[in-house]
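In what follows, a structure is listed as structure tokens, so that the remarks can point back to it.
The values are calculated or read from the model by the stated rules, or taken from the named source; none is laboratory data. Remember, it's a predicted structure, so these values are computed and weren't measured experimentally. Cβ atoms come from the backbone with ideal geometry, glycine included; neighbour counts cover every protein chain shown.
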Amino acid sequence: MQGGLRERLSALESEALEELGRAGTPEALEELRVRWLGRKGRITRELQALGSLEPAERPAVGEAANRIKAALTELLEARRESLLATREERELAAERLDVTLPGRAPRIGLPHPLASALEELTEIFRGLGFEVAGGPEIETPYHNFSALNIPEGHPAREESDTIFVGGGLLLRTHTSPVQIRAMESRPPPLRIIAPGRCYRNDAPDATHSPVFYQIEGLAVEEGITLGHLKWTLEQFARAYLGADLALRFRPGYFPFVEPGAELDVACIFCGGRGCATGKGSGWIEILGSGMVHPAVFEAVGYDPERVSGFAFGTGVERMAMLKHRIPDIRLFYENDVRFLAQLA
């Protein structure tokens, strides 16, 4: 009995070693270990036959069986480490970084042209001594119209121009309400700009959008004159559009200023010779302005006999279109990456 069990263990050892030599992956080695040395493995089943031997035979056979089991375990572990090392070398070789290859620049986000224009315009006015003020986009008719000397029945109050949102509120049609709120909250002197988004009930076309950006300005203190307004706007226009820019002021009407003036620049598309953009005049209007109307001062509690001021407002899209010679305002809102990248 003892001899037969020893012979079977020796034969199993030889067979296991042969399979071990053929195993080419750590996964195959694990399958081999389970098949031979696991709880239901072939060698384990043979060892269960020790109980049938005579007590005197068991030590010698048990020692031989344990030696075979230990040898197989050691060989399996050595083979597994060797295969893992080979696999790691192969993976490292495949993943090796070739520093001579050209780099691949990552695609990064860029500021939207309107964001860039708004930032540049804001910085110009900061340099002229203005501070930035803000206000709500959903406004009351009082702040959007009445306090700005726009009376009941004025065409600007009609639904054809203004978007009403219910509850007696509306989407602001300009950033002028920010000027009213600033004057209500603090006494003069003050010098602010109000950049922000506005809304009009307009059908989109090459020069109109129902959503657009404005930047408005206000300066109030004793002794402010039309000369101060003219100098400020000249500095601003030339800083943004070019130092050699031809400018002209002409009278204009706005309910919240008196007198009012519009600022024109020589058409950048035709050089002032006259084209469709400037309606043949050779000039393009870029903003409205004027001296703050006494009725506006009275609405906010300022004394129009003691202080004076000027106000102005321009469209951010309009300024960006002029600077970059863009013919259609809708390009800013169509999110065509090709267009946006050109102005980045």
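Some points to look at:
- Residue satisfying condition, being basic (Lys, Arg) and over 25 Å from Arg325 (Cα atoms), within set Arg273, Arg238, Arg250, Arg306: Arg306
- Among the residues of the stretch 64-91, those identified as under 16 Å from Gly24 (Cβ atoms), hydrophobic (A, V, I, L, M, F, W, C) and surrounded by fewer than 16 Cβ atoms within 10 Å (Cβ to Cβ) are Leu75, Ala78, Leu84, Ala85.
- Residue match in the stretch 12-23 (condition: modelled with pLDDT of 70 or more, out of contact with any Pro (no Cβ under 7 Å at 6 or more places or on another chain), closer than 30 Å to Arg90 by Cβ and in a loop (DSSP other than H, G, I, E, B)): yes
- Scanning the stretch 181-197 for residues that are outside any loop (DSSP other than H, G, I, E, B) and either surrounded by fewer than 23 Cβ atoms within 10 Å (Cβ to Cβ) or outside the structural domain of Ala147 (by TED's automatic domain parsing) (or both) yields a total of 10.
- Applying the condition of being of a type in the set (Val, Ile, Thr) and touching a Leu at 6+ places or on another chain (Cβ under 9 Å) to the stretch 169-208 and asking which residue is nearest to Ser116 (Cα to Cα) yields Ile193.
- Tally of residues being part of a loop (DSSP other than H, G, I, E, B) and aromatic (Phe, Trp, Tyr) across the stretch 289-304: 1
- Taking the criterion of being touching a strand residue (DSSP E or B) at 6+ places or on another chain (Cβ under 8 Å) and more than 21 Å from Leu190 (Cβ to Cβ), the residues of the stretch 119-141 that qualify are Glu137, Ile138, Thr140, Pro141.
- Across the stretch 95-113, a minimum of one residue is classified as buried (at least 16 other Cβ atoms within 10 Å of the Cβ) and part of a helix (DSSP H, G or I).
- Yes/no for Ala56 being at pLDDT 70 or above and either among the charged types (D, E, K, R) or assigned by TED's automatic domain parsing to the domain that holds Ala11 (or both): no
- Tally, over the stretch 305-334, of residues that are in contact (Cβ under 8 Å) with a residue 40 or more places away in the chain and in a loop (DSSP other than H, G, I, E, B): 6
Results for (1) among the hydroxyl-bearing types (Ser, Thr, Tyr); (2) more than 12 Å from Val300 (Cβ to Cβ); (3) out of contact with any strand residue (DSSP E or B) (no Cβ under 6 Å at 6 or more places or on another chain), shown as yes or no for each residue.
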position: Phe164; (1), (2), (3): no, yes, no
position: Gly168; (1), (2), (3): no, yes, yes
position: Arg181; (1), (2), (3): no, no, yes
position: Pro187; (1), (2), (3): no, no, yes
position: Ile193; (1), (2), (3): no, yes, no
position: Cys198; (1), (2), (3): no, yes, no
position: Asp202; (1), (2), (3): no, yes, yes
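- Restricting Glu88, Glu74, Glu81, Glu123 to those that are over 30 Å from Leu37 (Cα atoms) and of a type in the set (D, E, K, R) reduces the list to Glu123.
- Taken over the stretch 206-231, the residue count meeting the criterion of being β-branched (Val, Ile, Thr) and part of a loop (DSSP other than H, G, I, E, B) is 3.
- The residue that is surrounded by the most Cβ atoms within 10 Å (Cβ to Cβ), among those in the stretch 211-247 that are in contact (Cβ under 8 Å) with a residue 12 or more places away in the chain and farther than 23 Å from Glu120 by Cα, is Val220.
- When Ala206 is tested against (1) under 29 Å from the mean Cα position of the chain (by Cα); (2) among the hydrophobic types (A, V, I, L, M, F, W, C); (3) modelled with pLDDT of 95 or more, only condition (3) is not met.
- Checking Arg39 against (1) in contact with a helix residue (DSSP H, G or I) (Cβ under 8 Å, 6 or more places away or on another chain); (2) exposed (fewer than 14 other Cβ atoms within 10 Å of the Cβ); (3) at pLDDT 70 or above; (4) of a type outside the set (Gly, Ala, Ser), the condition it does not meet: (1)
- Residue list for the stretch 297-344, filter: in contact with a helix residue (DSSP H, G or I) (Cβ under 6 Å, 6 or more places away or on another chain) and of a type in the set (Val, Ile, Thr): Val300, Val316, Ile329
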